């Protein structure tokens, strides 16, 4: 998995199996590998300004090399080789996501799937979002089926939120069926917090939320953020850097942040906005939530977790770690599960969640 | 199939089967559909100047719509539906081909494979070149295995040349084994002839070569063309619009064509160059050739065929039509055959032809 946060690649090695009508998993390894700085820079640039088609092609291949290296490293760490894997699922790097384009949804993930299969010596599944988009869906979110299988409860109303570059929630009512699962993107996760940290502090993220904790709320910026239509729009909805990229943030800061304001206040306000937008989405569209399971890089931000708990006093806020899923491994584990399903020729989307006309078999398969 | 000539999409419907140790085919339908003018313009533009990643994504999806429409039209013409097809093979539109990049080969085909599978309701195989590139090959040419299966002779030395945007030859010595097949790109096929026709006559190609036939050889241009290193370089080699695009042609014309020269002379000289470069490659690198089977759009150019026959007096020059393969259907039929092989989990490249380390199973599979 490599997400819109562009922090690098997360690899998990996991086993999945069926046991008395329920799917089970066992996590065998987890490895995080940062993107080489120039690759990260070029990926950002390609999303912000015109580039040559040759550059797009090179990114497509260099990402695959990066994924291959990361899979090799993860396998090495647990003493196996990639050839021993039954299948690898690779999300690819989303460089475009436009589910509501005039002529039908459009999306693009880079990262060459057949090349990865050759370099790893095992089957690879990739391009998980296109089939759903082609059936009129948003191609996102795709984590909900995983959440349904592994996080639902017969006793409690549960919600899961992944705070990656963007934030997405899955709502799992007590004892729900797949058709009762609901999920959508709520807006930015860490993408704007990270952009501000990079701009003002030269860091890639706010460690444990200490910067945000030291700041104060900037009312004009806060009000402008709350006016962003996407956040309060009813689901289904999904988003990406097209909407919540650095250019949009730059415009907001220029318009609403007075000179001489401490940069901590900006990070504080953006962090509050992420917490509020997740909470407000749950309040408006989720019904009762007794337990909220947080994952993604944002789950390492202690201040953000506190804000979430303050916003949702009637809900137990916890991280996915308490379910045996390291917070940075959750999405990777989900796409491993989707690859497992593709090899079994099972569908992977939930139509009521993505808006697709039907459940479809997600992903293309390349053989070694 | 849609090739570098950007003339549109060729669809064939065919049956393949095994009969007494030999593969057989039956062509059931053939349909040619031109690209919508704006799509063609945007594809050319994306290869000549920087574009936004959103434009790349939109082309990726619009091409798939175009392919879906063309497959539907071909099926309709023979009274079947796409759902009745066992598999569709789609080459995609090559927008980048750089087999000798510093960090290993790089190539990019646009045309969304999973979307096509959803819209047609049948399995689709695409992205045929990546696996070979990933194994150090050129990812091209991929037609030779088809030529081997269906054009080889126990009695004659045969060569096949496809005159598409680029020109590629396959050499099939008498009674050869797959390991004895040789093939490579010889240089431009119609790409520069077509560019000159568009520039000077507002036509997309030279009908039957009448324009070229009316012109005379321009010596300075002719000598400059013969100096292009790619043409005489030894195989394996492959090329594309990166090398033989409109900007390169423009530079040559500006430097070597005096004012007041009739445009027919330019088209004549470019046509001679295509014939000479194919013939010269065969003379230098093919050994004896008793029969040359011509296909592709260039096979409709009577003057070009005559030039080829003049260049190769000891060889019988004929078109693939005489083998039951309409000249514009040949490449599409080849990729249909490669899709058939992928579904049977068979390899599709010839390592000695592409330069790959090994034979690999080409293509990714998307299910409806």
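The values are calculated or read from the model by the stated rules, or taken from the named source; none is laboratory data. In this text the structure is predicted, and so the values were computed from the model without any measurement. Ideal geometry is used to build each Cβ from the backbone, glycine not excepted, and the neighbour counts take in all protein chains shown.
Table for the structure above
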read-out: Top-ranked residue of segment B:84-93 - restricted to ones that are in contact (Cβ under 8 Å) with a residue 40 or more places away in the chain and surrounded by fewer than 23 Cβ atoms within 10 Å (Cβ to Cβ), ranked as nearest to the other protein chains (Cβ to nearest Cβ); value: B:87
read-out: Any hit, segment B:211-222, residues being within 29 Å of residue B:49 (Cβ to Cβ) and within 19 Å of the chain's Cα centre (by Cα); value: no
read-out: Residue check for residue B:253: touching a helix residue (DSSP H, G or I) at 6+ places or on another chain (Cβ under 6 Å) and within 16 Å of residue B:198 (Cβ to Cβ); value: no
read-out: Residue among A:266, A:293 that is outside any helix (DSSP H, G or I) and assigned by TED's automatic domain parsing to the domain that holds residue A:220; value: A:293
read-out: Subset of segment B:234-251 [within 21 Å of residue B:96 (Cα to Cα) and either part of a loop (DSSP other than H, G, I, E, B) or touching a strand residue (DSSP E or B) at 6+ places or on another chain (Cβ under 7 Å) (or both)]; value: B:235, B:236, B:237, B:238, B:239, B:240, B:241, B:242, B:243, B:244, B:245
read-out: Among (1) in a helix (DSSP H, G or I); (2) in contact with a strand residue (DSSP E or B) (Cβ under 6 Å, 6 or more places away or on another chain) - the single one residue A:169 does not satisfy; value: (1)
read-out: Among the residues listed as A:343, A:318, the single one being surrounded by fewer than 24 Cβ atoms within 10 Å (Cβ to Cβ), closer than 27 Å to residue A:268 by Cα and modelled with pLDDT of 95 or more; value: A:318
read-out: Cβ-Cβ under 8 Å pairs, at least 6 apart or on other chains, segment B:114-125 side outside the structural domain of residue B:88 (by TED's automatic domain parsing), far side modelled with pLDDT of 95 or more and assigned to a loop (DSSP other than H, G, I, E, B); value: none
read-out: Among (1) at pLDDT 95 or above; (2) surrounded by fewer than 24 Cβ atoms within 10 Å (Cβ to Cβ); (3) more than 18 Å from residue A:225 (Cβ to Cβ) - the single one residue A:200 does not satisfy; value: (3)
read-out: So residue B:47, is it in contact with a strand residue (DSSP E or B) (Cβ under 7 Å, 6 or more places away or on another chain) and either surrounded by 20 or more Cβ atoms within 10 Å (Cβ to Cβ) or not assigned by TED's automatic domain parsing to the domain that holds residue B:297 (or both); value: yes
read-out: Among (1) within 14 Å of another protein chain (Cβ to nearest Cβ); (2) out of contact with any strand residue (DSSP E or B) (no Cβ under 7 Å at 6 or more places or on another chain); (3) modelled with pLDDT under 95 - the single one residue B:98 does not satisfy; value: (2)
read-out: Leading residue by the ranking (farthest from residue B:159 (Cα to Cα)) among those in segment B:311-368 that are within 14 Å of chain A (Cβ to nearest Cβ) and assigned to a strand (DSSP E or B); value: B:366
read-out: Total residues in segment A:102-147, condition touching a strand residue (DSSP E or B) at 6+ places or on another chain (Cβ under 9 Å), at the interface with chain B (Cβ under 9 Å from one of its Cβ atoms) and assigned to a loop (DSSP other than H, G, I, E, B); value: 5
read-out: Filtered residues of segment B:207-221 (kept if surrounded by fewer than 17 Cβ atoms within 10 Å (Cβ to Cβ) and either in a helix (DSSP H, G or I) or modelled with pLDDT under 95 (or both)); value: B:207, B:208, B:210, B:219, B:220
read-out: Qualifying residue in segment A:53-65 (condition: part of a helix (DSSP H, G or I) and more than 28 Å from residue B:52 (Cα to Cα)); value: no
read-out: Residue within segment A:68-83 that is over 21 Å from residue B:129 (Cα atoms), modelled with pLDDT under 95, in a loop (DSSP other than H, G, I, E, B) and assigned by TED's automatic domain parsing to the domain that holds residue A:362 present; value: no
read-out: Top-ranked residue of segment B:50-79 - restricted to ones that are surrounded by fewer than 18 Cβ atoms within 10 Å (Cβ to Cβ), in contact with a strand residue (DSSP E or B) (Cβ under 7 Å, 6 or more places away or on another chain) and touching a residue at least 40 places away in the same chain (Cβ under 8 Å), ranked as nearest to the other protein chains (Cβ to nearest Cβ); value: B:73
read-out: Sole residue being buried (at least 24 other Cβ atoms within 10 Å of the Cβ), at pLDDT 95 or above and assigned by TED's automatic domain parsing to the domain that holds residue B:237, chosen from B:333, B:304; value: B:304
